[in-house]
1. For the range 78-99, which residues satisfy the criterion of being outside any loop (DSSP other than H, G, I, E, B) and closer than 13 Å to residue 181 by Cα?
2. Here are some residues: 104, 118, 130. Which one is closer than 26 Å to residue 77 by Cβ, assigned by TED's automatic domain parsing to the domain that holds residue 66 and surrounded by fewer than 23 Cβ atoms within 10 Å (Cβ to Cβ)?
3. Among the numbered criteria (1) loosely packed, with under 15 Cβ neighbours inside 10 Å; (2) within 19 Å of the chain's Cα centre (by Cα); (3) within 16 Å of the ligand (Cβ to nearest atom), which one does residue 138 miss?
4. Filter the range 65-77 down to residues that are away from the ligand (no atom under 16 Å from the Cβ) and assigned to a loop (DSSP other than H, G, I, E, B) and give me whichever is surrounded by the fewest Cβ atoms within 10 Å (Cβ to Cβ).
5. Need the failing condition index for residue 58 against (1) within 16 Å of the ligand (Cβ to nearest atom); (2) touching a strand residue (DSSP E or B) at 6+ places or on another chain (Cβ under 6 Å); (3) at pLDDT below 95, just the number.
6. For a quick check of your reading of the model, give me the residue pairs whose first member lies in the range 137-153 and is at positive phi, whose second is surrounded by 15 or more Cβ atoms within 10 Å (Cβ to Cβ), with beta-carbon atoms closer than 6 Å and at least 6 apart or on different chains.
7. Tally the residues that are in contact with a strand residue (DSSP E or B) (Cβ under 6 Å, 6 or more places away or on another chain), within 10 Å of the ligand (Cβ to nearest atom) and closer than 21 Å to residue 63 by Cα, restricting the search to the range 79-103.
8. Can you say whether residue 143 is closer than 21 Å to residue 59 by Cβ and assigned by TED's automatic domain parsing to the domain that holds residue 87, as far as the supplied structure shows?
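The values are calculated or read from the model by the stated rules, or taken from the named source; none is laboratory data. Every value quoted in this text rests on a predicted model; they were computed, and no experiment measured them. Don't worry about glycine lacking a Cβ; one is built from the backbone with ideal geometry, like all the others, and counts go over all protein chains shown.
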Ligand SMILES: [Ca+2]
């Protein structure tokens, strides 16, 4: 009898611990991971490098899956090649004033990255939103360099599920930036952690059964 009582008293704790485990694993699954290198994205990702586009073409620019735009936009395809970031700024790119870019996906994606040329001011940031306009993760701040056109970087997100419907790149007033190698990938749907949820349900049920017994 004493052993049964001890077992029963521990069941709620066990169930609670299981709940915490499920919550922790779930949070890890849905959390976005900021990335700062093209190599962090899937090798099968689609890359828009602007090389085949006519110089001077203005936004919106689309490849059928993503629309690249700028809210008040005069962004256009420019010829100048920047090579500070090998493999990214080596040819045509998209730039000019103003300095906010939006990326809207016809079908949400799980991975996104973009080369950013010459961000100089703090608080230049990248944010990802779901199809309801909800912020998926706090914005990440784009690494910045000294003024003068000698700096470029690469930033993005990798998520477990394809829930990124829009990405917004916001630069600070007066800071001219450009983008290149807009990269995206759609991961196949990942099912919810069903086995763990079932384990939790089972433990709760066991606890209830023990109490009744
Ligand atoms: Ca390019």
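1. Within the range 78-99, the first condition is being outside any loop (DSSP other than H, G, I, E, B), and the residues that meet it are 78, 93-95.
Within the range 78-99, 93, 94, 95 qualify.
2. Within the list 104, 118, 130, the selection yields 104.
3. Condition (3) is where residue 138 drops out.
4. If we take residues in the range 65-77 being away from the ligand (no atom under 16 Å from the Cβ) and assigned to a loop (DSSP other than H, G, I, E, B), then 72 is surrounded by the fewest Cβ atoms within 10 Å (Cβ to Cβ).
5. Checking residue 58 against (1) within 16 Å of the ligand (Cβ to nearest atom); (2) touching a strand residue (DSSP E or B) at 6+ places or on another chain (Cβ under 6 Å); (3) at pLDDT below 95, the one that fails is (1).
6. Taking only residues 6 or more apart or on different chains, the pairs are 149/118.
7. 5
8. When the stated conditions are applied, residue 143 does not pass them.
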